[in-house]
Amino acid sequence: MNAVKRLVWETDMQTMRFNCAEHQEGAIASTFRNGMKWAHRLCVDEPFEIRDSVTGIKRGYGRVQAIHIARLWEIPAYLVELDHDPSLRNYESLKHELRKIYGGHVCDSSVFTAIQYRVEKSFEGPHNDVALG
């Protein structure tokens with residue numbers, strides 16, 4: 001990939017921040033975002049940066065496989081079981097964590113965007129940015 005194409009590709013890419021930013025390369029995972037904003041920011045097959053929400057350090061790249069908008073209680077179980085944080089792979093743990101992140105108003109009828117993605121590239125520690133081809 002030439003330098004100009006790489007620069008445009010990387011600057012147009014969305015960034016998603018994760019509390020649990022460790023991702024295994026090649027893994028299929030999901031994340032849940034409050035409301036519908038992310039459903040309009042990403043498209044299926046679109047790459048995005050994975051960053052640590054605390055440090056801002058880039059931890060890798062993901063590629064969207066599917067986007068679902070649903071009330072929390074309507075989110076398919078398989079998406080909950082794919083959560084990027086293994087400790088949140090059941091509804092009660094996930095709901096508890098979402099309340100910590102988004103506030104106590106989160107309830108079963110709150111609308112969330114569930115994003116299923118594949119980890120294309122994963123970084124541990126210092127690294128050089130590598131564009132996906």
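What do you reckon, is ASN34 modelled with pLDDT of 95 or more and either under 14 Å from ASP85 (Cβ atoms) or touching a helix residue (DSSP H, G or I) at 6+ places or on another chain (Cβ under 6 Å) (or both)? Quick ask: steps written out before the conclusion?
Values: modelled with pLDDT of 95 or more: yes; either under 14 Å from ASP85 (Cβ atoms) or touching a helix residue (DSSP H, G or I) at 6+ places or on another chain (Cβ under 6 Å) (or both): yes.
Against the criterion (modelled with pLDDT of 95 or more and either under 14 Å from ASP85 (Cβ atoms) or touching a helix residue (DSSP H, G or I) at 6+ places or on another chain (Cβ under 6 Å) (or both)), ASN34 qualifies.
Please give the number of the condition GLU49 fails out of (1) closer than 19 Å to PHE123 by Cα; (2) at pLDDT 90 or above; (3) acidic (Asp, Glu); (4) assigned to a loop (DSSP other than H, G, I, E, B).
Looking at each condition in turn, GLU49 falls short on (4).
May I ask you to say which residue of ALA29, ALA21 is within 10 Å of the chain's Cα centre (by Cα), surrounded by 13 or more Cβ atoms within 10 Å (Cβ to Cβ) and at pLDDT below 90?
Numbers: ALA29 fails: at pLDDT below 90.
Residue meeting the stated conditions: ALA21.
So which residues in segment 74-114 are buried (at least 18 other Cβ atoms within 10 Å of the Cβ), among the β-branched types (Val, Ile, Thr), touching a Lys or Arg at 6+ places or on another chain (Cβ under 7 Å) and not in a helix (DSSP H, G or I), if there are any at all?
VAL106, THR113
The values are calculated or read from the model by the stated rules, or taken from the named source; none is laboratory data. These numbers come from a predicted model, not from an experiment. Backbone-built Cβ (ideal geometry, glycine too); neighbour counts: all protein chains shown.
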